[in-house]
Amino acid sequence: MKKKWWIPYAFLALPLTMYLIWVIIPIFQTVIISFTDWDSVSPSYNFIGLENYKMLFYDYYFLTSLLNNIKWMVGFVIVAIPIGLGIAMLMDQKFKGNKFFKTMMYLPMTLSFVVIGEIWTWILEPNHGVINEFLRGIGLGNLAKPWLSDPNLVTYALIFAALWRQISYAMVLFLAGLQSVPTEQVEAAYVDGANSWQRFWYVILPALRPAMVIAITVNIIDSLRAFDIVFVITRGGPFYSSSVMANYMYIESFNNYNMGYGASIAVIQFFITLGFIIWYLINSFKKEDNL
Amino acid sequence: MTKTAIYKKYLFYILSTIIVIIWLIPFVIAVLTSFKTMDEISFGANWFRLPKKWSLEGYITAWKNAHIYTYYLNTFLIAAVSTLGALFLSSLGAYALSWYDFKLRKPILITFVAGMLIPFQMLLIPVYKFSVNTGLYDTYPGLILFHIAFQLGFCTFFLRNFMVTIPKSIFEAAKIDGANDFKIYYSIMLPLIKPAIAALGILEFTWIWNDYLWALILIQSDTKKPITLGLTTLQGQWVTSWNVIAAASILAAIVPIIVFLMFQKYFIQGLTMGSVKG
């Protein structure tokens, strides 16, 4: 039987063309734009080499955004992972009705960050917001704070709001991972007299390694691309104190018309993400030879 | 049941109930607020109290005065067409990449996988510029075509991973029986991957429904905005009418929630099969 070499290419023609136009080529264009002083309005622009990148290192607002992204990353990894794992362990117990509990826990996963942002805007609102009203109600009124207008608190408040959804996501991933924990081994450890902590540490946790890699990657990548929720709740304010890189990139490119500068922020963000992407790819394709 | 097992059972219910209650507080507040009148809200806000009178004022204002109706139709159109397009095109690509052996297979697969993990900021400026230059800016096709293209990386990766698990012998047998390649794709492969298509479809629909950024970049006219973008427009206008904002938020969220509750199995499946996304 004669093989027609062009058949796979015929199947790929349309998807690949679209992907090239809207995804792959733009990546290279952004890199090129990042070496220019393009303002998006003028028809011409100059190549200015690494000037934009040099400026970034003296740009207080960019450095604030970068630092905030790191706070997001730390928050997502050290809060969402353990809590997500804990809740997953609890919900994984075989009790009647655990499906209902799981479903309720999944719900934030289905919401857009815009809706989450709207809801949390009033929860965090200083005068009548739920958190402050609650603190006053239980006699801790002095802990009530202007969460969204205090530059020292606002980023943490936003991370807190985002964690609502992120913990649900981590829980989903761990629940899936727990399916692959060999029950015989857990039972064998039980028979051998291992206590619950030992069973968790020596049997369950090693079996969860793949889920852990995925959960950490998801949380890191999500923390690096945080945008919607910041944009909706604070737009990065007050005075850029809650800005993250994605937010600053958008504002520079589309509000301040510094497309060249915006592009350089995107490229920096890309390189930071790239490290984690490579780490993930190595981990996920390790066992797959046919790639 | 032993005594410890009974204790454990109670512990499970108590802990789970507490966690779920904490988890649902933001929801419950949004629902309760959406049914209150502004008088009741501004007159000393007890967030957890049931509305004195369940009022539809917030919903009516949101639906009629704030164009939620238009935003809804736009979102339905954009999410449905984009999802179908992304599923169809990626199934073609994944089919080629899963069982043909050809020279560029590996580079093309890597292109799709790498592209899906690129931060979206890398695309913002060129995609915006491309849309303006081609006249696609501020049109439905402009946003829909972009969504389809943008989702292709993930969808192709996802479907291809599913397709490689299907034994090649099925296709070889069909080939010997004289079926052509498109027929094998259409009448053998597609039926076999239905569960994966379903999982992916639910997930994609939810994601595109919830998209905000790309609508912000590619749509300008109020009449073409999807619900997420409409919601933030509304926020500026009705900033003090919390019941209207709450009602609009509930309306924006209700479709993905219903889809999730109906197809939960597929949603979770999709989410865990292709985790690095969303």
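The values are calculated or read from the model by the stated rules, or taken from the named source; none is laboratory data. Predicted model only: the values in this text are computed from it and were never measured. Methodologically, a virtual Cβ is constructed for each residue, glycine included, from the backbone with ideal geometry; neighbour enumeration extends over all protein chains shown. For accessibility, only protein heavy atoms count, side chains too; no ligands or nucleic acids. Shrake-Rupley method; radii C 1.70, N 1.55, O 1.52, S 1.80 Å.
Within a straight-line Cα-Cα reach of under 16 Å, A:K71 can be paired with the following aspartates and glutamates, leaving aside sequence neighbours fewer than 8 residues apart in one chain: A:D222. Entry note, chain A: relative contact order of 28 percent, from Cα contacts under 8 Å with a spacing of 6+ residues. When B:V255, A:V74 are compared by accessible area of protein heavy atoms, the largest-first order is A:V74, B:V255, using a 1.4 Å probe.
For the stretch B:81-96, backbone phi angles converted through the Karplus equation (6.51, -1.76, 1.60; θ = phi - 60°) give residue-by-residue couplings of 5, 4, 4, 4, x, 5, 5, 5, 5, 6, 5, 4, x, 5, 4, 4 Hz, Gly and Pro being listed as x.
Computed from backbone phi with θ = phi - 60° and the Karplus coefficients 6.51, -1.76 and 1.60, the 3J(HN,Hα) list for the stretch B:219-236 is 10, 10, 5, 4, 6, 10, 5, x, 4, 5, 5, x, 4, 6, 4, 4, 3, x Hz; x is used for glycine and proline.
Along the axis of the charge dipole computed for the protein assembly as shown (Cβ charges of +1 for Lys and Arg, -1 for Asp and Glu, origin at the Cα centre), the listed residues A:F160, A:Y19, B:W99 are led at the positive end by B:W99.
Dipole size of the stretch B:134-237 about its Cα centre, with +1 on Lys/Arg Cβ and -1 on Asp/Glu Cβ: approximately 180 debye, rounded to the nearest 20.
Keeping all protein chains in place, calculate the accessible area per residue for the protein assembly as shown (probe 1.4 angstrom), answer in Å².
On the way: 25430 Å² over 569 residues.
It amounts to 45 Å² per residue over the protein assembly as shown.
Bridging of B:K129 to lysines at a Cα separation below 25 Å is possible for B:K224, B:K225, once same-chain residues fewer than 8 apart are set aside.
Here's the list of lysines a cross-link from A:K96 could span, going by alpha-carbon distance under 20 Å and ignoring same-chain residues fewer than 8 apart: B:K3, B:K8, B:K9, B:K265. Of the whole protein surface, A:H128 contributes about 90 Å² of accessible area at a 1.4 Å probe radius.
What shape does chain B take by its C-alpha gyration tensor, where a ≥ b ≥ c are the square roots of the eigenvalues and a/c under 1.5 counts as rounded, a/b above b/c as prolate, and the rest as oblate? Intermediate values should be presented prior to the final figure.
Working: a/c = 2.70, a/b = 1.42, b/c = 1.90.
Note, shape of chain B comes out oblate.
For the peptide A:215-221, the mean number of other protein chain Cβ atoms found within 10 angstrom of a residue's Cβ is 2. Ordered by 1.4 Å accessible area with all protein chains kept, A:R235, B:R160, B:R49 run largest first as A:R235, B:R49, B:R160. The calculated Kirkwood hydrodynamic radius for the stretch A:160-263 is 16.8 Å, given to one decimal from all distinct C-alpha pairs. Using only the alpha-carbon atoms, how far is helix B:264-273 inclined from the longest principal axis of chain B? Give it as 0 to 90 degrees, nearest 10. So the inclination is approximately 60 degrees. Among B:T4, B:F88, B:Q237, whose Cα lies farthest out toward the positive end of the dipole of chain B, if unit charges sit on the beta carbon of Lys, Arg (+1) and Asp, Glu (-1)? Going by the charge dipole, the pick is B:T4.
Given a 1.4 Å probe and the protein chains as shown, B:K183 ends up with an accessible area of around 120 Å².
Any idea what angle helix B:3-34 forms with the longest principal axis of chain B, computed on alpha-carbon atoms, 0 to 90 degrees, nearest 10? Around 70 degrees separate the two axes. The residues packed around A:V154, meaning those with a beta-carbon under 12 Å from its beta-carbon, carry a net charge of +2 if Lys and Arg are +1 and Asp and Glu are -1. The three principal axes of the C-alpha atoms in the stretch A:56-290 carry coordinate ranges of 64, 56, 27 Å, sorted with the longest axis first. If only the Cβ of Lys and Arg carry +1 and only the Cβ of Asp and Glu carry -1, the dipole of the stretch B:153-207 around its Cα centre is close to 40 debye. Interface B-A: total buried accessible area of about 8800 Å², 1.4 Å probe, protein heavy atoms only.
State which helices in chain A qualify, where a helix is a whole DSSP H run, it must extend 20 Å or more along its own axis by its Cα atoms, and its mean Kyte-Doolittle hydropathy must be at least -1.0. If you can, show how the numbers build up before the last one.
On the way: long enough: A:60-75 (22 Å, 0.53); A:154-178 (35 Å, 1.58); A:209-224 (23 Å, 1.32); A:259-285 (36 Å, 1.54).
Qualifying helices: A:60-75, A:154-178, A:209-224, A:259-285.
I'd like the mean, over residues of B:15-23, of how many other protein chain beta carbons sit within 10 Å of each residue's own Cβ. Please report the intermediate quantities before stating the final value.
Working: counts 6, 12, 2, 0, 9, 9, 1, 1, 11.
Average per residue, whole number: 6.
Computed with a 1.4 Å probe on the full set of protein chains, the accessible area for A:V41 sits at about 110 Å².
Quick one: dipole size for chain A, taken about the Cα centre, charges +1 on Lys/Arg Cβ and -1 on Asp/Glu Cβ, in debye to the nearest 20.
Details: 18 positive and 17 negative charges, 179 e Å.
Charge dipole of chain A: 860 debye, to the nearest 20.
Toward the positive end of the charge dipole of the protein assembly as shown, with +1 on the Cβ of Lys and Arg and -1 on the Cβ of Asp and Glu, the farthest Cα among A:L205, B:V259, B:F76 is that of A:L205.
Of the accessible area of chain A, computed with a 1.4 Å probe over protein heavy atoms only, carbon and sulfur atoms account for 67 percent.
Below 8 Å, C-alpha to C-alpha, sequence gap of six or more: please give me the relative contact order for chain B in percent. Show your work: numbers first, answer last.
On the way: 280 pairs, mean separation 85.5, N = 278.
Here the relative contact order equals 31 percent.
Accessible area ranking (1.4 Å probe, heavy atoms, ligands and nucleic acids excluded), largest first, for A:L140, B:L200, B:L24, B:L84: B:L84, A:L140, B:L24, B:L200. Taking all Cα-Cα distances within the stretch B:3-55, those exceeding 19 Å account for 47%.
Debye-formula intensities of the protein assembly as shown, expressed as log10 I(q)/I(0) at q = 0.07 Å⁻¹, are -0.45 (one equal scatterer per alpha-carbon, no solvent).
Please report the carbon-and-sulfur percent of the accessible area for chain B; probe 1.4 Å, protein heavy atoms only, DNA, RNA and ligands left out. On chain B, the fraction of accessible area on carbon and sulfur atoms equals 69 percent.
What percent do you get for the relative contact order of the stretch B:3-55 when only Cα pairs under 8 Å and 6+ apart count?
Working: 22 pairs, mean separation 16.5, N = 53.
Across the stretch B:3-55, relative contact order equals 31 percent.
Amide H contacts of A:T36 (H built 1.01 Å from N, in plane; Pro and chain starts excluded): A:I48 sit under 5 Å, all sequence-distant by 5 or more or on other chains. Counting only Cα atoms, the stretch B:157-278 measures 69, 30, 22 Å along its principal axes, largest extent leading.
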